[in-house]
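Peer 1: Got a structure for you, questions after.
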Amino acid sequence: MDLLNHDLAHEFPTHIEKMRTLKMSDAYFAKLFTEYDENNHAIAKYELGAEVISDDALEALKKKRLATKDEIYQILLS
């Protein structure tokens, strides 16, 4: 199975420097970044079959990742 890379560097390649700066200077952004990264790794693990999760739980995790990504993007635009 060919899975897309959803890490934030691939999602927002033009904002890499701003993300680095915000991770160091903005505790809320750093929390969002960590939350996104943890959810992204968990999703990848489930999709690769390393652990089992229900389809509904996986879908909920993906929706949470998307909501976090949207919030991160709004901060990056400001």
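The values are calculated or read from the model by the stated rules, or taken from the named source; none is laboratory data. What you see is a predicted model; the values in this text were computed from it and never measured. Positions of Cβ are backbone-derived with ideal geometry, glycine not excepted, and every protein chain shown enters the neighbour counts. Note: accessible area is taken over every heavy atom of the protein model, side chains too, but ligands, DNA and RNA are not part of it. Shrake-Rupley method; radii C 1.70, N 1.55, O 1.52, S 1.80 Å.
Peer 1: Out of all the residues in region 22-33, which are in a helix (DSSP H, G or I) and touching a helix residue (DSSP H, G or I) at 6+ places or on another chain (Cβ under 9 Å)? Give the steps one after another, and end with the answer.
Peer 2: Restricting attention to region 22-33, the residues satisfying the condition of being in a helix (DSSP H, G or I) are 22-25, 27-33.
Result: Leu22, Lys23, Met24, Tyr28, Phe29, Ala30, Leu32, Phe33.
Peer 1: Right, next: Could you please give the count of residues in region 28-50 that are among the aliphatic types (A, V, I, L, M), surrounded by 14 or more Cβ atoms within 10 Å (Cβ to Cβ) and at pLDDT below 95?
Peer 2: 3
Peer 1: Just to be sure I understand, how many residues within region 56-78 are free of Cβ contacts under 8 Å to residues at least 40 places away in the same chain, open to solvent by 40 Å² or more (accessible area, probe 1.4 Å) and hydroxyl-bearing (Ser, Thr, Tyr)?
Peer 2: 1
Peer 1: Would you pick out the residues in region 29-42 that are free of Cβ contacts under 8 Å to residues at least 40 places away in the same chain and either among the polar types (S, T, N, Q) or more than 12 Å from Lys69 (Cβ to Cβ) (or both)? Break it down stepwise before answering.
Peer 2: Kept after step one, since they are free of Cβ contacts under 8 Å to residues at least 40 places away in the same chain, are these residues of region 29-42: 30-31, 33-42.
Once the filter is applied, which keeps residues that are free of Cβ contacts under 8 Å to residues at least 40 places away in the same chain and either among the polar types (S, T, N, Q) or more than 12 Å from Lys69 (Cβ to Cβ) (or both), region 29-42 yields Ala30, Lys31, Thr34, Glu38, Asn39, Asn40, His41, Ala42.
Peer 1: Considering only region 65-74, I want to know if a residue exists there that is within 15 Å of Asp7 (Cβ to Cβ), modelled with pLDDT of 95 or more and aromatic (Phe, Trp, Tyr). Steps first, please.
Peer 2: Taking region 65-74 as the starting set, the residues that turn out to be within 15 Å of Asp7 (Cβ to Cβ) are 65-66, 68-69, 72-73.
Adding the requirement that they be modelled with pLDDT of 95 or more leaves 65-66, 68-69, 72-73.
So of that shortlist, the ones also aromatic (Phe, Trp, Tyr) come out as 73.
For region 65-74, residues within 15 Å of Asp7 (Cβ to Cβ), modelled with pLDDT of 95 or more and aromatic (Phe, Trp, Tyr): present.
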